[in-house]
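A quick write-up on the structure given underneath.
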Amino acid sequence: MKMNTFAGAAAFAICGLAAGLSHAAEYTIRVGNWNPNPHHAVVKALEEWAATIEEESNGRIDVSIDKAIIGKPAGQYDLIRQGVVQAGWGVLAWTPGRFELSQVVELPFLSPNGEEGSRKITEIWQEHFADQEFTDTKLLALHVHAPGALHTKVKIGTLDDLKGQKIRTLGSGVEWAEALGATAVVMPASKAHEALARGVADGILFPFDAIQSYRLEEILPYHLEVPNGLYTITFFFAMNKRFYDSLPDDLKAVIDANSGPDLAANIGRHWDEAAAVTRQALVDDPGHDVATADAAMMEELKARSADVFQAWKDIATAKGVDAEAILSEFPASGH
């Protein structure tokens, strides 16, 4: 009797195992992740994307978001392109000269929020230069963070107050910081706290959520924001092209349905929500001063931005792209 019971249990287990194997995922997407913070807005958005892909593929695709960092931030695109990971995200500024057209959204006053800016730059890439950039991967979305602001140790009442100030920035923000009269200090965001604490930098161009993420509240009490954003940084979310091409058509359709402007907007929305929480906390804190550029400052900011815009126009024109047509698609540009 015991033997029969054991045999029955074993048979049941084997059947269960066989059933489990029959429903095992056919494909695995490993998403490279260089940000170890599980609460970061993009990490949360990618987890949401992963769950959607698994559900809509009926479990045929398994998606895992890396919890450990693989490779340097500057090498993330090549990890995807080479197939070390099946998908991943990164910063366009880490690959200088490679995605200059897509970096148009980094120009000032073009992105009123992460959701709209992300949707618009992905649409512009699709329409205007998909044949020039990201041709060696399957681009899922371009996205930007919430509008960037200037955070400083001293109050910036006029642009003259920026003279001699060392401002940490990245990407197109380098030219912009110098156009404002400041000295650009380029370094990874992870080094910002140390640089500011030691006086290597006097301020930083950052979205509001990053002030809390990088523990800068006690160092930077002054915050200057600009309508439609003082600046932004462009990010990519891409998939290995060979992996995508290996999928059957029905699973390609799942990926395609969860790519493009809607996905971009959702990632940007996550970032907007995170930034709004920190911004409100700073507004409510009597130890912090959150100010908005007035009309006089905005007029001067726009005047000083002319050369920064022209530099991008020259790049676009050299690559056969209608720069004015693209800029006109940003409703807040004024250019």
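The values are calculated or read from the model by the stated rules, or taken from the named source; none is laboratory data. The shown structure was predicted, so the numbers you read here are calculated from the model rather than taken from an experiment. All Cβ positions, even for glycine, are placed from backbone atoms using ideal geometry, and neighbour counts span all protein chains on display. Heavy atoms of the whole protein, side chains included, go into the accessibility calculation; ligands, DNA and RNA do not. Shrake-Rupley method; radii C 1.70, N 1.55, O 1.52, S 1.80 Å.
Would you tally the residues in the range 265-284 being open to solvent by 20 Å² or more (accessible area, probe 1.4 Å), touching a residue at least 12 places away in the same chain (Cβ under 8 Å) and not polar (S, T, N, Q)?
Start the filter on the range 265-284 by keeping residues that are open to solvent by 20 Å² or more (accessible area, probe 1.4 Å), which leaves 266, 269-270, 272-274, 276-277, 279-281, 283-284.
Still in the running and touching a residue at least 12 places away in the same chain (Cβ under 8 Å): 266, 269-270, 272-274, 276-277, 279, 281.
If we keep only those that are not polar (S, T, N, Q) as well, we get 269-270, 272-274, 276-277, 279, 281.
Of the residues in the range 265-284, 9 are open to solvent by 20 Å² or more (accessible area, probe 1.4 Å), touching a residue at least 12 places away in the same chain (Cβ under 8 Å) and not polar (S, T, N, Q).
Report those helices (runs of 4 or more DSSP H) wholly inside the range 226-320 carrying at least 2 residues which are small (Gly, Ala, Ser). It would help to see each step written out before you state the result.
Numbers: elements: 241-246, 249-257, 261-284, 295-304, 306-318.
Qualifying helices (runs of 4 or more DSSP H): 249-257, 261-284, 295-304, 306-318.
Could you check GLY287 against (1) under 25 Å from LEU159 (Cα atoms); (2) open to solvent by 70 Å² or more (accessible area, probe 1.4 Å); (3) in contact (Cβ under 8 Å) with a residue 12 or more places away in the chain; (4) out of contact with any strand residue (DSSP E or B) (no Cβ under 6 Å at 6 or more places or on another chain) and say which number it fails?
Among (1) under 25 Å from LEU159 (Cα atoms); (2) open to solvent by 70 Å² or more (accessible area, probe 1.4 Å); (3) in contact (Cβ under 8 Å) with a residue 12 or more places away in the chain; (4) out of contact with any strand residue (DSSP E or B) (no Cβ under 6 Å at 6 or more places or on another chain), GLY287 violates only (2).
Can you name every residue in the range 198-216 that is open to solvent by 70 Å² or more (accessible area, probe 1.4 Å) and not in a loop (DSSP other than H, G, I, E, B)?
If the condition is that a residue be open to solvent by 70 Å² or more (accessible area, probe 1.4 Å) and not in a loop (DSSP other than H, G, I, E, B), then ARG198, GLN212 are the ones that fit.
Going by what's in this entry, would ASP249 be described as open to solvent by 20 Å² or more (accessible area, probe 1.4 Å) and over 20 Å from PHE134 (Cα atoms)?
yes
Inside the range 77-98, can you point out the residues that are closer than 17 Å to MET239 by Cα, in a helix (DSSP H, G or I) and open to solvent by 10 Å² or more (accessible area, probe 1.4 Å)?
ASP78, LEU79, ARG81, GLN82
Going through the range 123-134 one residue at a time, which ones are open to solvent by 40 Å² or more (accessible area, probe 1.4 Å) and either charged (D, E, K, R) or in a loop (DSSP other than H, G, I, E, B) (or both)? Even if it seems obvious, please write down each step before you answer.
Just the residues of the range 123-134 that are open to solvent by 40 Å² or more (accessible area, probe 1.4 Å), to begin with: 123, 126-128, 131-132.
Selection gives GLU123, GLU127, ASP131, GLN132.
So which residues in the range 21-72 are modelled with pLDDT of 95 or more, more than 24 Å from the chain's Cα centre (by Cα) and of a type in the set (Gly, Ala, Ser), if there are any at all?
Selection gives SER57, GLY59.
Identify all residues within the range 135-166 that are open to solvent by 10 Å² or more (accessible area, probe 1.4 Å), part of a loop (DSSP other than H, G, I, E, B) and closer than 19 Å to ILE233 by Cβ; write none if there are none. Working first, answer last.
Taking the range 135-166 as the starting set, the residues that turn out to be open to solvent by 10 Å² or more (accessible area, probe 1.4 Å) are 135-136, 138-139, 147, 153-158, 160-161, 163-166.
So of that shortlist, the ones also part of a loop (DSSP other than H, G, I, E, B) come out as 135-136, 147, 153-158, 163-165.
Within the range 135-166, PRO147 is the sole residue that qualifies.
Residue under question is PHE129, and the condition is that it be closer than 26 Å to PHE330 by Cα and in contact with a Leu (Cβ under 7 Å, 6 or more places away or on another chain); does it hold?
Working: closer than 26 Å to PHE330 by Cα: yes; in contact with a Leu (Cβ under 7 Å, 6 or more places away or on another chain): yes.
The answer is yes for PHE129.
I'd like to verify a number: residues in the range 296-335 that are aromatic (Phe, Trp, Tyr) and modelled with pLDDT under 95, how many?
Here is the first cut: in the range 296-335, the ones aromatic (Phe, Trp, Tyr) are 309, 312, 330.
Now drop any that are not modelled with pLDDT under 95, which leaves 330.
Total satisfying the criteria: 1.
Under the condition of being modelled with pLDDT under 90 and of a type in the set (Gly, Ala, Ser), which residue from the range 161-175 is nearest to the chain's Cα centre (by Cα)?
Only one residue tops the list, namely GLY171.
Can you say whether ASP262 is without any contact (Cβ under 8 Å) to a residue 24 or more places away in the chain and among the charged types (D, E, K, R), as far as the supplied structure shows? Don't jump to the end; show me each part of the working.
Details: without any contact (Cβ under 8 Å) to a residue 24 or more places away in the chain: no; among the charged types (D, E, K, R): yes.
Considered against the rule, which asks whether it is without any contact (Cβ under 8 Å) to a residue 24 or more places away in the chain and among the charged types (D, E, K, R), ASP262 comes out as no.
In the range 227-239, how many are open to solvent by less than 10 Å² (accessible area, probe 1.4 Å) and more than 18 Å from the chain's Cα centre (by Cα)?
Within the range 227-239, residues that are open to solvent by less than 10 Å² (accessible area, probe 1.4 Å) and more than 18 Å from the chain's Cα centre (by Cα) number 0.
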